[in-house]
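The values are calculated or read from the model by the stated rules, or taken from the named source; none is laboratory data. Just so it is clear, the model here is predicted, and its values are computed rather than measured. In this analysis, Cβ positions are derived from the backbone assuming ideal geometry, glycine residues included, and neighbour counts consider all displayed protein chains. Side chains included, ligands, DNA and RNA excluded: accessible areas come from the protein's heavy atoms. Shrake-Rupley method; radii C 1.70, N 1.55, O 1.52, S 1.80 Å.
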Amino acid sequence: MQRRDFFKTLTLATASFALAACPASSVPPEAGVSIRPGQVWRDTDGAPINAHSGCVIFQEGVYYWFGVHCVEGDAGNSAQVGVRAYSSRDLVTWKNEGVVLAVSEDPRSPIARDCLLERPKVIYNESTRRYVMWFHLEPKGQGYRGAQSAVAVAEHPAGPYRFVASFRPDAGTWPVNTPKALQKELNAEEARRLGRIHFIGGEVPDYPGDLIFRRDFRGGQMARDMTLFVDDDQRAYQVYASEENGTLHVSLLSDDYLRSAGKYARVLPGGFNEAPAVFKHGGRYWMVTSGCTGWAPNAARLAVADSIWGPWRQVGNPWIGEERDTESSFGTQSSSFLQTSRPDLVVYLADRWHPENPIEARYVWLPVDFREDGRPYLRWRDAWDPRTPLKPAP
Ligand code: GAL
C-alpha cells in the first residue's frame, strides 16, 4: 500500500475518535481577545487564518507566523498556493502579510503547484541578515518518496522568499554517533535484504536500523517531517525524520543557514518519531515528537538531552489530562515551539489536521507548564492570553 493510502486508512479509522477526544470549548470565538486553541482564528480582515504546520519568530517587536496555505477538498493535500505569513505585536491579533513563497506555475520547478510542501520553518541569520526558510518538499507526483529538504531566503521577514535549492541533506558524510564498523556502504546482500522490505511511513517489523542511512550515504539522507532550532551560539540545526521515518537526524546547518554543513547525529534509532519540535529551557534541550500515524493524532513523546547532539532520552508523554485525551495529544500534532523573551512563556504550536478537507485544520497553541521537577508539561486550556502572566496550573 502507498504511504498516502496507508495514512488515509489510518486517518479514516481514527478521525472520528480524534474529534470525540477533543474537548468541546464553551468559549465564544471572538477575534483578537485571547488564544482559543482549536477554534477558527481570524485575521484583522476577519478572514480565517491559513498558515499550517509552521512556526512563529520574533523580530524587532513583531511576531511573524509562517505556515502552509491549505485549500479545500482533496487538492488541499498538496501545495496549491504556498507559504503564507501573518504579523502581530501580541500573538493574538494577526495581520495577513500575504503569500511569501508561492508555488510555481512551471511544472519543471521543484516547487511546482501540486508538489507536497510541508512544515515551513524560518530562522534569522545574524551575520548575513537574511531570513532563511526550510521546509519538507516532495516533488510533484512522487508521493512521499522524494523525502527532500528545501530552502528559500528573504531580506525581510515577511518576504518575498526566493527558492534556493532542494536536496537530500548530509550526502557523503557519516553520522557522528555511529560506530566506525557501520561507516560503510551496503554490500550486495544487505542491499537485497533492504530491497525486500516494504516501508509504509510507519512502524515495520524488524526495522533494519543499521542499513538505511548507509544506503543513502551517497545520495543524501531521507528528510520528511522537520523543524529548525537555533542555539544560543547562533549555530542552527535541522531536525528531520529520516531513514523511512524510523530515526531522527539532528543536522548542523552551514554558517549562512542555506545548506546542511555535513555533520549529523542519529537520534532515537528505530523509535519512529516524527513532527519534531525543539526548544531549550533550564540549560537542556527538549523535543516533542509524534508517533508515525500520518494525519491521525497519537500520543506525543517528550525527549531531553544535555547536548543537541544527544544522547536523547525519552521521558514519556508531555500531556496531562484524561487518558482518552492524552493518548491523542488532544487531537494535535506538534509543529514547533515559540520561545518568547519571557522565560516563563514557551508556546507549543500544533496542528489539528483535517485531511478530508485540509482547509478545516485548526491551530492549537498552548503555553508550556514548567513544574518544580524542571520538566515541561502540556495541558489543555480553552482560552489563554499571552499578554498577561500565566496562571499556575490547577
Ligand atoms: C504525517 C506528517 C505530516 C504529513 C502526513 C502525511 O505523519 O507529520 O507532516 O507528512 O504524515 O501523511
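Structure notes:
- Being on the phi < 0 side of the Ramachandran plot, within 16 Å of the ligand (Cβ to nearest atom), surrounded by 17 or more Cβ atoms within 10 Å (Cβ to Cβ) and assigned to a strand (DSSP E or B) is a property that holds for Tyr363.
- Restricted to region 55-85, and to residues there that are part of a strand (DSSP E or B), within 16 Å of the ligand (Cβ to nearest atom) and closer than 20 Å to Glu356 by Cα, the residue that is most open to solvent (accessible area, probe 1.4 Å) is His69.
- In region 273-292, residue surrounded by the fewest Cβ atoms within 10 Å (Cβ to Cβ) [restricted to those that are away from the ligand (no atom under 16 Å from the Cβ) and not in a strand (DSSP E or B)]: Gly283
- The selection criterion, being surrounded by 16 or more Cβ atoms within 10 Å (Cβ to Cβ) and either within 16 Å of the ligand (Cβ to nearest atom) or assigned to a loop (DSSP other than H, G, I, E, B) (or both), holds for Thr173.
- Among residues of region 271-283 that are of a type in the set (D, E, K, R), those with a Cβ under 8 angstrom from a residue that is more than 16 Å from the ligand (Cβ to nearest atom), sequence gap 6+ or separate chain, pair up as Lys280/Phe229; Lys280/Asp231; Lys280/Asp232; Lys280/Trp286; Lys280/Gln339.
- Any hit, region 227-246, residues being open to solvent by 10 Å² or more (accessible area, probe 1.4 Å), within 16 Å of the ligand (Cβ to nearest atom) and either touching a residue at least 24 places away in the same chain (Cβ under 8 Å) or in a strand (DSSP E or B) (or both): yes
- Residue within region 151-163 that is buried (at least 21 other Cβ atoms within 10 Å of the Cβ), under 18 Å from Val239 (Cβ atoms), modelled with pLDDT of 95 or more and within 16 Å of the ligand (Cβ to nearest atom) present: no
- Looking only at region 315-326, and only at residues there that are part of a loop (DSSP other than H, G, I, E, B) and not charged (D, E, K, R), the one that is least open to solvent (accessible area, probe 1.4 Å): Pro318
- So Ala51, is it at pLDDT below 50, open to solvent by less than 20 Å² (accessible area, probe 1.4 Å) and over 14 Å from His354 (Cβ atoms): no
- Here the condition is being of a type outside the set (Val, Ile, Thr), closer than 23 Å to Gly271 by Cβ and at pLDDT 95 or above; of Asp210, Asp206, it holds for Asp210 alone.
- Test: residue in region 295-314 that is surrounded by 22 or more Cβ atoms within 10 Å (Cβ to Cβ) and more than 26 Å from Glu203 (Cβ to Cβ): no
A quick yes/no check of all residues on (1) open to solvent by 10 Å² or more (accessible area, probe 1.4 Å); (2) within 16 Å of the ligand (Cβ to nearest atom); (3) not basic (Lys, Arg):
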{"residue": "Val132", "(1), (2), (3)": "no, no, yes"}
{"residue": "Leu137", "(1), (2), (3)": "no, yes, yes"}
{"residue": "Tyr144", "(1), (2), (3)": "yes, yes, yes"}
{"residue": "Asn187", "(1), (2), (3)": "yes, no, yes"}
{"residue": "Ala191", "(1), (2), (3)": "yes, no, yes"}
{"residue": "Leu211", "(1), (2), (3)": "no, no, yes"}
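- The lone criterion from (1) open to solvent by less than 30 Å² (accessible area, probe 1.4 Å); (2) at pLDDT below 95; (3) under 23 Å from the mean Cα position of the chain (by Cα) left unmet by Ser34 is number (3).
- So Arg362, is it at pLDDT below 95 and either over 17 Å from the mean Cα position of the chain (by Cα) or under 20 Å from Trp41 (Cβ atoms) (or both): no
- Region 112-130, residues that are open to solvent by 10 Å² or more (accessible area, probe 1.4 Å), within 16 Å of the ligand (Cβ to nearest atom) and part of a loop (DSSP other than H, G, I, E, B): Asp114
- Residue in region 207-214 that is under 22 Å from Ser53 (Cβ atoms) and of a type in the set (D, E, K, R) present: no
- Residues that are part of a loop (DSSP other than H, G, I, E, B) and touching a Phe, Trp or Tyr at 6+ places or on another chain (Cβ under 9 Å) were ranked within region 247-270; the one that is least open to solvent (accessible area, probe 1.4 Å) is Tyr257.
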